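**Q** Dumping the structure here so I can ask a few things about it.
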Amino acid sequence: MFQFKGNRQYLHGTDFYRFSQQLMAQACSDFSHICSLSFRSFATHQCSLSLTAPDEAAISPCKGEAMTQAGEKVSFWWVQTDKPVTERYEFNEERAVHGALINDAKESISTAVQYEYSTIEMVVALTKALHYDFAPKVEGKWVFAQLNATTALPDSYSSLQISLKNYIPNRFSVSRVLIDDAEIGTIRFIVGGP
């Protein structure tokens, strides 16, 4: 199921989002969208989705909530197994952000280009590019830590913008995600590393 993305040696947050969308749509007949996804640790092995909270001994790198069409939230957890990840797929991050524009104050980045990448991949890649532009020297790496969304991420768009909202140097940030000029949620990045 999971594959390593590009040259990473850990499972990527965008894949957790994608698989959460797929599996929660199967688990909830009135599934609307993933409204939150937060990462507690890096995963290096296959993970399985659970609708019940794992016991304390289990390694749960990711927790999320799905929104139903009736407006109810359904919690879910990803639990790491001992099964290794044996495959990898290519991802050209430079191509994903090629043509994106960072404003003069270095507080937002925007694009109208999608290439072949999903919206969540573009959101994360743009956020990362913005962070390395305004704060390139960090003790670790800028990594995707949390997504909160008020609506489903659309498959296509005319414009996508990431706008910095809060920033604590060398620690974390919160950015607004705007798609076609409408704010659909926030993304949090932290400084860390596997």
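**Q** At 1.4 Å probe size, with the rest of the protein present, what percent of the exposed accessible area of region 1-99 is carbon and sulfur atoms?
**A** Working: 2480 of 5300 Å².
Answer for region 1-99: carbon and sulfur cover 47 percent of the accessible area.
**Q** Moving on. Kirkwood Rh over Cα pairs of region 129-189 into Stokes-Einstein at 4 °C, 1.567 mPa s: D in µm²/s?
**A** Values: Rh = 12.4 Å.
Result for D is 105 µm²/s.
**Q** If you don't mind, another one. How high is the FRET efficiency from residue 170 to residue 98, r the C-beta distance, R0 25 Å, rounded to 0.05?
**A** On the way: r = 28 Å, r/R0 = 1.11.
Between residue 170 and residue 98 the formula returns 0.35.
**Q** While we're on this one: Determine the calculated [θ] at 222 nm for the chain from helices alone, applying -39500 (n - 2.57) to every DSSP H run no shorter than 4 residues and normalising by the residue count; nearest 500 deg cm²/dmol. Write down the numbers at each step before the final one.
**A** Numbers: 3 runs with 36 residues, N = 194.
Rounded to the nearest 500, the figure is -6000 deg cm²/dmol.
**Q** Given region 154-193, report the % of alpha carbon pairs whose separation exceeds 15 Å. Mind showing how you got there, number by number?
**A** Numbers: 351 of 780 pairs.
The share of Cα pairs beyond 15 Å in region 154-193 comes to 45 percent.
**Q** Tell me the volume per residue, in Å³, of the convex hull enclosing the alpha carbons of region 38-122.
**A** About 172 Å³ per residue, rounded to a whole number.
**Q** Give, to the nearest whole percent, the P(r) tail of the chain beyond 21 angstrom, counting all Cα pairs.
**A** Here the long-distance tail beyond 21 Å is 52 percent of all Cα pairs in the chain.
**Q** Solvent-accessible area per residue for region 115-194 at a 1.4 Å probe radius, Å²?
**A** I get 46 Å² per residue for region 115-194.
**Q** Moving on to the next point. Over region 143-194, what relative contact order in percent results from Cα pairs under 8 Å that are six or more residues apart?
**A** Answer for region 143-194 is 43 percent.
**Q** R0 = 25 Å: FRET efficiency of residue 27 with residue 3, Cβ-based, nearest 0.05?
**A** Computed FRET efficiency for residue 27 and residue 3 comes out at 0.65.
**Q** Here's a follow-up. May I ask you to list the residues of region 147-187 whose amide nitrogen lies under 12 Å from a point 7 Å from Cα along the Cα→beta-carbon direction of residue 118?
**A** Under cut-off, by backbone N: 153-155.
**Q** Could you please state how large a percent of the accessible area of region 104-176 is carbon and sulfur, counting protein chains only and using a 1.4 Å probe?
**A** 46 percent
**Q** Report, largest value first, the span of the C-alpha coordinates of region 79-118 along each principal axis, in whole Å.
**A** 47, 21, 14 Å, listed from the longest principal axis down.
**Q** Which three lengths, in whole Å and largest first, does region 76-191 cover when its Cα atoms are put on their principal axes?
**A** 46, 34, 28
The values are calculated or read from the model by the stated rules, or taken from the named source; none is laboratory data. From a predicted model like this one, the values you see are computed outputs, not experimental measurements. Here the Cβ is made from the backbone with ideal geometry for all residues, glycine too, and neighbour counts use every protein chain on show. Just so you know, the surface numbers come from the protein's heavy atoms only, side chains and all, with ligands and any DNA or RNA stripped out. Shrake-Rupley method; radii C 1.70, N 1.55, O 1.52, S 1.80 Å.
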